[in-house]
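Working notes for the structure below.
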Amino acid sequence: MAEEEDSNEEEFAETKEATVEPTPRFDPEALGQGLAEKNGDDDAIYVDDMYGDWFLDYASYVILERAVPHADDGLKPVQRRILHSMKELEDGRYNKVANIIGNSMKYHPHGDASIGDAIIQLGQKDLLIDTQGNWGNVLTGDSAAAPRYIEARLTPFALEVIFSPKVTTWASSYDGRNKEPVTFPVKFPVLLAQGAEGIAVGLSTKILPHNFNEILDAMIDGLRKNPINLLPDFPQGGIADCTDYNGGARGGRVRVRACIEKVKKHLLKITEIPFGTTTTSLIDSILSANDKSKIKIAKIEDNTAEFVEIMVHLPSTVSSEDALPALYAFTDCEVSLAPNACVIQNNRPQFLSINDLVKSSANLTRELLRQELEIKLSELQEKWHFASLEKIFIEKRIYRDIEKEETWEGVISAVDKGLKPYVKIFKRTIIQEDILRLLEIKIKRISKYDSFRADEQIKGFEDEIKEVEGHLAQITRYAIRYLKELKKKYGKDKERKTEISRTEDGELVPFDKIVASKVVVANETLYLNRKDGFAGFSLKKDEALEKCSTLDDVIVFGKDGVMKVMKIADKMFVGKSPLRVAVFRRDDQKIYNMVYRDGKSGRLYAKKFKIGGVTRDKEYPLFKTHSKSRIFFFAVHDSEKKNSNILVHLDPDLKRVREKVIEFDFAWLEIQGRGVKGSTLTAHKVDRVVNAPRENAEDSDDVEEASIKKESSKEVEKKKEEEKKKPEPVSNIPSKQSAKASLTEKTGKQGKDQATFDFEGK
């Protein structure tokens, strides 16, 4: 017995080996790689081969089935399934959101959380879903109540423009148990009214909401082939700068500001907030700016309920006129939005403009109306056809011809024979289904048949057919009439909420430019440690230069003739003994006077220049770098009208030069760029350059000083007495200024606030 069992087991094993194929192993060649054969290892499995197409599949799924709305109905898949589920449950009464979520899950492959979030967002748009209960607050950012506590139903507008089963394309749900719409035959651009935002794999979409009535007007313009100029309208209101909107295409930009009223001198009231913000986030941004000392506020009160009301109390030292631009510059009172109209069209993502979407939606609406009219026409023709058949069948007593027939085929043949004389009055061929339908008429109906009423019914069908055919012949006019009716019916309480920045003539104008560095509170002081070469607003024990803010830039002129602009910090290295360290502003109109020696040629040059455009942290040499190059004179003036007047003292050891002092006025020079070489003063060896004395010290220029060593008047007199005993110097002043330049032996008091540099090493 044991031997028999063993033989049976062996036989079973042989049969199994013969019939059951072994599990196929992973084959790299199947993925088109062939990497295993190259390495001579048939068992190798490569991760990049295994997952080669997975990312593309995942990206396509996220783009097509989750994040990006469809161009035809303007809905994401989860939104479409929610509306379809609500239509299934529609009975005119409110349904618990929890029940809607549960019913939607048979269509949606994801969980209840994603469905719940989507339905809340749809309900807050106040367009397609009629809500009841606590659905949150888009102004304050408060969340909605739990789905079991709130209710919803479709709005009359949604029932009218969203659903049309006869022209809807259906597909199987994810599990194959149910049917769901591929897209709804929407006769209104829901996408433009509600807006949309989503992040997919490798791309994103951001479509701003627009005004309901303006969308319909734009669609009418599109059907009439008129120019379209549709601008966004936000439910939170605010003021919008749409000069760079660019038709909502990718690359455009919209700036939105909160509406701020000046209640008192030190009190502001925010009544409308920008799109994408809440009262909570706005207040947080104001408090953050106050903590960073960019603005100054005393306190904030949030009285928001049905409408926004945020009271901003200012300190007594800050007026509302000064605080208003600072709020726009440093808080969420002004936000910048970048539209990116990415939609699914022809089963792939497309980047379109808002104008393109309006035209596409208008044409789609016209086509859907055409399809509905064609279906209605077909139905009316069928009704007319059968009513006419019924009339002839009863009035001509064709039903009596079937009494003699014994078979069903004979009955059908008898009716068909009876109708043949009247075939020409019908618009289509009489088929067997028509005869079968006639044979289903009850005797009671035949006995009570009213010929007059039947004629009226047929006449009514003919009138309706004529009307529908007229609509089809002028489908564009019919579509325009339909859109106007929608506006009249549903557009009463949908006025524009966002104010567009325009001129009195209606042209778009941008917001006033606000420079953050000009409106920020200057609550810091710039300090300088010349010895160690550090500057910043934390060096409180060192030399105080001027008031500043944390947003300012600092310009630094080094002794080596290198200029640099850098971001201000609490402590930064600027170089030991810098010529000038000051707060730099981009619109600075200061004029710089400088005298330097070119190390290569030994000549002395003078230049007058402005700063111009600069890049932060980039070094700009003011002259060619050389070991023997050095600056002899440097001064800064506030305007072009002010210039330095200097005395150039030549080397006392020069033999063939009689006059050792050259007077030069920078008013003789034109303003040039910072990189120019300048005008030659002299080719001789120079001892020093000092300010020329002025006859009236009160008329001296307002010059910012950065000196290494100032010359006293006594020192000047002493050196000039020594120079009188030496030969007359030959001046090498440029020809343009030679007529104005003069040699002088004047001595006296130095000019006020002039920068003088005396270098011992020559």
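Computed from the coordinates by the stated procedures, all read-outs in this text should not be read as laboratory data. This one's a predicted model, so the numbers in the text were calculated from it and none came from an experiment. Cβ placement follows ideal geometry from the backbone for every residue including glycine, while neighbour counts extend to all protein chains displayed.
Would you please name the chymotrypsin sites (Phe, Trp or Tyr not before Pro) within segment 467-546 that are DSSP coil residues with at most 16 other C-beta atoms within 10 Å of their C-beta?
Those satisfying the criteria are F511.
Restrict the search to segment 619-660; then list the GluC sites (Glu not before Pro) that DSSP places in a loop and that have at most 16 other Cβ atoms within 10 Å of their Cβ.
Hits after loop and neighbour filter: E640.
Find out how many positive minus negative residues lie around L373, taking Lys and Arg as positive, Asp and Glu as negative, among other residues whose Cβ is under 13 Å from that of L373.
Charge balance near L373 sits at +1.
Taking the alpha-carbon centroid of each part, what is the distance from segment 432-447 to segment 618-655 in angstrom?
115
Please list the non-local residues whose amide H lies under 5 Å from the amide H of L681, H modeled 1.01 Å from N, same-chain partners needing a gap of 5 or more.
Sorted by chain and number, the residues that satisfy this are L604, Y605, A606.
Calculate, in nm to one decimal, what E403 and S143 gain on full extension: separation in residues at 0.36 nm each, minus their alpha carbon distance.
The E403-S143 span can extend by a further 86.1 nm.
I need the calculated FRET efficiency for the pair S413 and Q345, taking r as the beta carbon distance and R₀ as 60 Å, to the nearest 0.05.
The value I calculate is 0.65.
List, largest first, the extents of the alpha carbons of segment 229-335 along their principal axes, each in whole Å.
Rounded to whole Å, the extents work out to 45, 29, 21 Å.
Based on the mean of other beta carbon atoms within 10 Å per residue, what is the order of 682-690, 86-94, most packed first?
Top to bottom by mean Cβ count within 10 Å: 682-690, 86-94.
Determine, from the Cβ-Cβ distance of E160 and Y94 and an R0 of 25 Å, the FRET efficiency 1/(1 + (r/R0)^6), rounded to the nearest 0.05.
With R0 = 25 Å, the Cβ-Cβ based efficiency is 0.85.
If you wrap segment 372-476's Cα atoms in a convex hull and average its projection over all directions, what's the area in nm²?
Over all viewing directions, segment 372-476 projects a mean Cα-hull area of 7.3 nm².
Label points 7 Å out from Cα along the Cβ direction at N134 and T429: separation in nm?
Between N134 and T429, the simple spin-label model gives 6.9 nm.
Can you tell me the length gained on complete extension of the stretch I375 to T525, counting 0.36 nm per residue apart and subtracting the Cα distance?
46.1 nm
Starting from the amide H of I273, placed 1.01 Å from N in the peptide plane, find each other amide H under 5 Å away whose residue is 5 or more places distant or on another chain.
When sequence neighbours closer than 5 places are left aside, the close amide H contacts are G238, C259.
Take segment 75-185, drop everything but the C-alpha atoms, weight them equally and run the Debye formula without solvent; then report log10 I(q)/I(0) at 0.18 Å⁻¹ to two decimals.
-0.87
I need the peptides 177-186, 314-323 ranked by packing, meaning the mean over residues of other C-beta atoms within 10 angstrom, with the highest value on top.
177-186, 314-323
Treating each Cα of segment 455-505 as an identical point scatterer and ignoring solvent, apply the Debye formula and state log10 I(q)/I(0) at q = 0.13, 0.18, 0.28, 0.32 Å⁻¹.
-0.59, -0.79, -0.97, -1.07
How much length is gained if the chain between Y620 and I671 is pulled fully straight, taking 0.36 nm per residue apart and subtracting their Cα-Cα distance, in nm to one decimal?
Separation in residues times 0.36 nm, less the Cα-Cα distance, equals 16.6 nm.
Could you give the distance between the Cα centres of segment 279-306 and segment 464-508, to the whole Å?
If we compute the Cα centre of each part, the gap is 42 Å.
Set the Förster distance to 30 Å, then compute FRET efficiency between D463 and K497 from the Cβ-Cβ distance, nearest 0.05.
After rounding to 0.05, the efficiency reads 0.10.
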